[in-house]
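The block underneath contains the structure these notes are about, expressed in structure tokens.
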Amino acid sequence: MLGHAGRRQLCVRRIIRYTAVVLTVLLCLALTGCWDRREIEERTSVVAIAIDEVPGRPDRVRISVQIPIPLKIAGSTGTGGSSGGDKPVKVLSSDGSTVLEAIRTLQTRLNQQLFYGHTRVIAIGDAIARRGLNEVLDPFRRNPQIRRLLWPIVVEGEARRLLEANPGLEQIPTVYIMSLVENGVKQGQIPDMNLGNFFIDLSTSHHQPFMLKVSVRKEEIAYEGVALFREDKMIGSLNVQETWIILRLRYNEDGGPIIFPYEGDPSRTVSLSSEFVGRSRRIGYRNGKVEARLHVQLEGALLEKTFKDKLFESGQIARLEKGAADYLTDTTRRLLDKLQKRYRVDVLGIGGQIRAFHPGIWRRVDWQSDFPEADIEVTYSYKLRNTGMELD
């Protein structure tokens, strides 16, 4: 017969044994996490997607994908690079009543599973952008393979042309597009509007979303500014200069030259660099409308002038500074008129500032309907730090 101490030790040993068995079973279950793995060699990577409207068939959508061919890329093993004019990428298209139907039809023409983890660009034709993007972007919002950091881009005309264009500076055209956008973002000339940011803007009420916009002419790809949206439908666009102003007002970005006619004379042009120094903001509510007063401080150096006036005198430098400030103020006034009266969309982020810092005013307004009537004024000041070398 076991004493009390013996029975206690036996019970402890049984508990330890059962615990070890349970832990072993749980660890074995964890080892099955890769049951559905697929080797990278068994996948077909998609680096870019294009979405277009099918001509004459508004009820159908056309999906195009750009697929790199490893054996035709220089530096890869095998053939040692592209030869004989063979393209290192393949562009395939398929139609469907929905995006997923078009993708499934496309999959039947390939010997490997399509993989979207390397997708960096979603190109959208302007026709389908004007029709609305909620339905066509819905499967990409739900697909865990789609990165939120990829670039959604509106293309003038057919989006497939962006996938087929080959500027010749990169083997894979999508790499060229990525470099174009990323360098523009670093230089403060292109907004950092990735897919995740677009989805966020699409779901907010204090400002409207926008997308980057490009044009394709033969083999040349050019950045054209941004496409404006009301809800999910494209309603217009802003050019590069107007987008430059948005970068200063909404994102406080540096970079990009200020080019303006000196003293209003188009034959006497001045180019100045720009660095963001600061911004003051005053927002109130009077007579049933929002009042916003924004002031932006910039500074920089003289880059170029097309006239012979000497700039060593303080009066000349003051006139240059005032000319730059007046030019930016007038340009921004025209932009505000376009945003408030023509498009009726706030892409400057003023609604976001009201919502964040003036909740009392925000509760009194319906910003989407009140923005066009808001009293908004933006002014600038510019400080010239360096005129460079002048000839005697």
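FYI, it's all coordinate maths here, none of it is from the lab. Keep in mind it's a predicted model, so treat the numbers as computed, not measured. Positions of Cβ are generated from backbone atoms using ideal geometry, with glycine treated the same way; all protein chains shown enter the neighbour counts.
Some notes on this structure:
- Stretch gain in nm, segment residue 375-residue 287, where the contour uses 0.36 nm per residue and the Cα spacing is subtracted: 30.6 nm
- Options [x] 300; [y] 172; [z] 136 - which one matches volume of the Cα convex hull per residue in Å³ as calculated here: [x]
- Anisotropy class of the range 236-280 from Cα gyration tensor, a/c 1.5 cut: oblate
- Residue 105/residue 130 FRET efficiency (R0 22 Å; Cβ-Cβ; nearest 0.05): 0.30
- Anisotropy class assigned to the range 88-181 is rounded, per the alpha carbon gyration tensor with a/c under the 1.5 cut-off.
- With the convex hull drawn around the C-alpha atoms of the range 244-386, the volume per residue stands at 112 Å³.
- Using a Gaussian network model of the chain in which every pair of alpha carbons under 10 angstrom is joined by a spring, one finds that among 17, 342, 109 the greatest mean-square fluctuation is at 17.
- Taking a ≥ b ≥ c as the square roots of the eigenvalues of the Cα gyration tensor, an a/c ratio of 1.5 or more together with a/b no larger than b/c marks the range 213-324 as oblate.
- Spatially, the range 126-164 and the range 201-234 are offset by 11 Å when compared through their Cα centroids.
- Computed magnitude of the charge dipole of the chain (debye, nearest 20; Cβ of K, R +1, Cβ of D, E -1): 2000 debye
- Once the Cα-Cα distance is subtracted from the 0.36 nm per residue extended length, the residue 179 to residue 71 segment shows a gain of 36.6 nm.
- For the chain, the membrane-span-like helix rule (DSSP H, alpha carbon extent of at least 18 Å along the helix axis, mean Kyte-Doolittle at least 0.0) picks out 4-30, 173-186; this says nothing about an actual membrane.
- Among beta bridges identified by DSSP and lying wholly in the chain, the antiparallel ones come to about 65 percent.
- A helix-only calculation puts the chain at -10000 deg cm²/dmol for mean residue ellipticity at 222 nm, using -39500 (n - 2.57) for each DSSP H run of at least four residues, averaged over all residues.
- Other-chain or far-sequence residues with amide H under 5 Å of residue 235's (modelled H): 228, 229, 230
- Loop-located GluC sites (Glu not before Pro) in the range 329-392 whose Cβ has at most 12 other Cβ within 10 Å (DSSP): 390
- Here the extension length gained between residue 149 and residue 222 equals 24.2 nm, from 0.36 nm per residue of separation less the Cα-Cα distance.
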